[in-house]
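Any read-out appearing in this document is the output of simple, stated calculations on the displayed coordinates, not a laboratory observation. Note that the structure is a prediction, hence the values are computed from the model and not measured. Positions of Cβ are generated from backbone atoms using ideal geometry, with glycine treated the same way; all protein chains shown enter the neighbour counts.
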Amino acid sequence: MNQRLRPPRRVVADRVTLAHGGGGKAMRDLIEDVFTSVFAPPGMEDQARLMHPSLLEPGAQLAFTTDSFVVSPMEFPGGDIGTIAVCGTVNDLAVGGARPLWLSAAFIIEEGVEIATLRRIARSMQTAAEAAGVRIVTGDTKVVGRGAGDGVFVTTSGVGVIPPGRDLLAGKVRPGDVAIVNGVLGDHGAAILAARGDMALTTDVVSDCRPLNLLMEAVLAAAPDLRCARDATRGGLASALNEITDAAGVGVVIAEADLPLRPEVKGVCEILGLDPLYLANEGTLVLFVPPDQAAAALAAMQGTAAGRAACIIGQATASHPGTVVMKTVFGGGRIVDMLVGEQLPRIC
Amino acid sequence: MNYADEFRDPVAARGVLAAIARVTDEIGATREKPVHIMEICGGHTHAIFRYGLDKLTPPGLEFIHGPGCPVCVLPMSRIDECVEIAERPGVIMTTFGDAMRVPGHRKSLIQAKADGADIRMVYSPLDALELARRHPDREVVFFGLGFETTTPSTALTILQAAADGQTNFSVFCNHITVPPPIKALLDDPHMILDGFVGPGHVSMVIGVRPYDFIARDYGKPIVVAGFEPLDLLQSVLMVLEQIRDGRAEVENQYSRVVPDDGNPVSIAACAEVYAPRPSFEWRGLGEIDASGLCIRPAYAAWDAEVKFGVGYGKGPRAVAEPDGCRCGDVMTGRIKPHACPQFGTGCTPEMPLGALMVSSEGACAAYFQYGGLRLEEAL
Amino acid sequence: MGVRRQVNVACILKDEPIEALIGTWSLIHVGFAMSRINEEEAALTLDILRQLGEAQVEIEAMRASERMLAS
């Protein structure tokens, strides 16, 4: 088949208009110029046609996940909505023990968004995808009228392969299992709060947004009986731990003194009366391993770029099943519950 | 020294806890006949639960959680009036975070925001004034609430607005003062109180002299306390020592922050801007004389009640609490949060019936969040 | 480094140029510096607390020693 060589299509306008969502030439130019020339998908049909030998291994499973991203501001220290859209979906696959392969990316763009912003978002996505070793292979674009959106909304779906023999399940966590996080907590939440501007705080904290699939492969190699992993996104570490205690019917005890936190994040929390356990993370997970594999797991994590600051924070226990308890620096105990609604700064 | 970590030193804590146990013993207090100490301030309630101090102190010591949570004591009708102002065209309503979820009769501020009102969270009234500068075509209103810790900031902001001639800015004033509800509690024949842990940050503004009446007229000790766990423990120890020795004095544990005479600039600004309301309604406590502040006529141009024709005394006010709400009993220490029949069932942080569950400083919210009873069952 | 925010210093500025405040510790609430931290008072308070703490460590050490001797 002859493929006519032609010059690459270019968007003419500075800002997105309804025409860019109309299905005509403007939309075609936008898609090619801003998205496909950057993502370089393998084909240009309505669907991506894909194959990977690992899918055919007996006992292998296809992992499939989807997530929507609506963060405001769209660009923040340490990343943008594109970075978290890719990392978020990659990580949802990775924490299940899957090797991520391919992502789709759907955009709902508000009329008036600058094309330059879209270019930066696309570029961020491609960079994050390359870091994770995945490809963005298909997508969609829609434009909505001014006021009907909030900048750009991104939905990414991702598929990956869970190799045979891997079966990570929250329900598998047993009393005595050790809880490990791969790094400091709350950086993303603090960075977003500062970037939003309502609190007029400035700080150097940047989002921890990064892919965790290489880290997961390293831990699984060193600690094959890893029970489960969860990324601590909305609702923070507290929510991730509560999901696990719920599913496993165990209790968890964590030690406040062992929680890794930057002084700046502690500072933001002190000023606003927030609890760092509930701040969102975009590159931080918690995992549970059997006690005899904990040292190996920790060492393996510390050997990866995303896990240098990995540390043990607690243990599963037979006491208080379904409840997460934190030993305060003081020796007292307090329950760490699921977040209710949004965490709001306190005045007193 | 960063003035925070040192006051959380667990080694020093063991020393203070041991001393507390010893003095509680010397008083002869037991679980069946405990010493009742009220922490007045919501921030202290929160700190007690966050650090599990009530679990570390002996059973002969019982904390009574006082009404010092300004969000908790705000009557529903004031939320209704705030929502009404926020829903007027052109208004930007600004508020502290924790006021947003307090239920009104119709809706809370967060629900009003979902319905389209322009309601924005701010950290400081100065940020609200800045919004007024940036949006000269809009009316910016600041929902001023809080005890004396916060009253000077609102007053200083009004003075700044007046100096700048910023006319599109006003304050919906719901500030209240601490001494009147303490007196109301002390006058209540049902209250058993042996001593008080006094509000550290309120005292930073008003000094310690306003509490003299507690020792002098009611014979109860009060120790003004800081907010780190060691501050609270040391203050409790000081109260217990007074009780053991038969003394009733006003002491200042938080001397590194609280000057005995308070902050002159703050006191002067408040005197300039505010006048006491003859009485103000406190959710759960009813009307208390001379306990609320309103803006003086000289600053009427920055008084949202004048600007928008709402407020205290105007319009019908539904005073009744929702059916089954026992906030008043919890706030005055008559019952513990988990003894309220609604706790955890009809009243949860997701669907709060009363204000003590909404504000993170409310005793019920703290109990729910940090465990209280569930923690006892668990451990 | 740290977290930065503009604050109003009307409450803590005495008769001195504003630069005199640089390097001082103060308590900040809703955008206002409300009180200078009195370093001497802070040290005094900490001292009492530490003594109580050390006294407790001493007492526990003595008790441990007694138990050891008694066994």
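Some observations on this one:
- In the protein assembly as shown, taking the dipole from charged Cβ atoms about the Cα centre, the farthest positive-side position among B:MET204, B:PRO349, C:VAL9 is held by B:PRO349.
- Sequence-separation-based contact order of region B:161-238, relative, with Cα cut under 8 Å and 6+ spacing, percent: 27 percent
- Considering only B:ALA21, B:ALA114, B:ALA275, the Gaussian network model of chain B with Cα springs below 10 Å gives its largest mean-square fluctuation to B:ALA114.
- Principal axis dimensions, largest first and in whole angstrom, of chain B by Cα: 65, 46, 41
- Listed peptides A:57-69, B:26-38 by packing density, highest first (mean Cβ within 10 Å): B:26-38, A:57-69
- Label point distance in nm, A:ASP46-B:ASP245, each placed 7 Å from Cα along Cα→Cβ: 8.7 nm
- Among the cysteines of chain B, those whose beta-carbon sits 4.7 Å or more from every other cysteine beta-carbon are B:CYS41, B:CYS82, B:CYS173, B:CYS270, B:CYS294, B:CYS325, B:CYS327, B:CYS340, B:CYS347, B:CYS364.
- Counting only residues at least eight positions apart within a chain, or on another chain, the aspartates and glutamates with an alpha carbon under 15 Å from that of B:LYS113 are A:GLU342, B:ASP80, B:GLU81, B:GLU84, B:GLU87, B:ASP98.
- Chain A: DSSP helices with Cα axial extent of at least 24 Å and average Kyte-Doolittle hydropathy no lower than -1.0: A:115-132
- Its Cα centre serving as origin, chain A has a Cβ charge dipole (Lys and Arg +1, Asp and Glu -1) of approximately 680 debye.
- In terms of packing, defined here as the mean over residues of other Cβ atoms within 10 angstrom, the peptides A:143-150, B:300-307 line up highest first as B:300-307, A:143-150.
- When DSSP beta bridges are restricted to pairs lying wholly in the protein assembly as shown, around 55% turn out antiparallel.
- Candidate cross-link partners of A:LYS142 among the lysines, defined by an alpha-carbon separation under 19 Å and a same-chain spacing of 8 or more, comprise A:LYS25.
- Sites B:TYR218 and A:VAL206 - FRET efficiency at Förster radius 56 Å, r taken between beta-carbons, to 0.05: 0.55
- The calculated FRET efficiency for B:LYS33 paired with B:MET191, based on their beta-carbon distance and R0 = 25 Å, is about 0.95.
- Subset of B:LYS33/B:LYS183; A:LYS327/B:LYS336; A:LYS172/B:LYS336; A:LYS266/A:LYS327; B:LYS220/B:LYS336; B:LYS33/B:LYS55 violating a 26 Å alpha-carbon distance limit: A:LYS172/B:LYS336
- Sites B:ASP25 and C:ALA55, calculated FRET efficiency, Cβ-Cβ separation with R0 30 Å, nearest 0.05: 0.95
- Taking every Cα-Cα distance in chain A and sorting them into 20 Å bins from zero, the calculated P(r) comes out as 29, 54, 17, 1 percent.
- The Cα-based radius of gyration of the protein assembly as shown, divided by its Kirkwood radius, gives an Rg/Rh of 1.00.
- Using only side-chain charges placed at the Cβ, +1 for Lys and Arg and -1 for Asp and Glu, the dipole size of region A:170-335 relative to its Cα centre rounds to 180 debye.
- Across region A:18-162, Cα-Cα distances exceeding 26 Å account for 23% of all pairs.
- Neighbouring partner chain Cβ atoms per residue of B:351-363, average, 10 Å criterion: 2
- Relative contact order %, region A:170-335, counting alpha carbon pairs below 8 Å whose residues are six or more apart: 43 percent
- When chain C is treated as a Gaussian network with alpha carbon springs shorter than 10 Å, the biggest mean-square fluctuation among C:ALA61, C:ALA20, C:ALA42 belongs to C:ALA61.
- Separation in nanometres of the label points that stand 7 Å from Cα toward Cβ, at C:ALA64 and B:ASP137: 7.3 nm
- Most positive-pole-ward Cα, A:SER124, A:ALA106, A:LEU55, against dipole of region A:18-162 from beta carbon charges: A:LEU55
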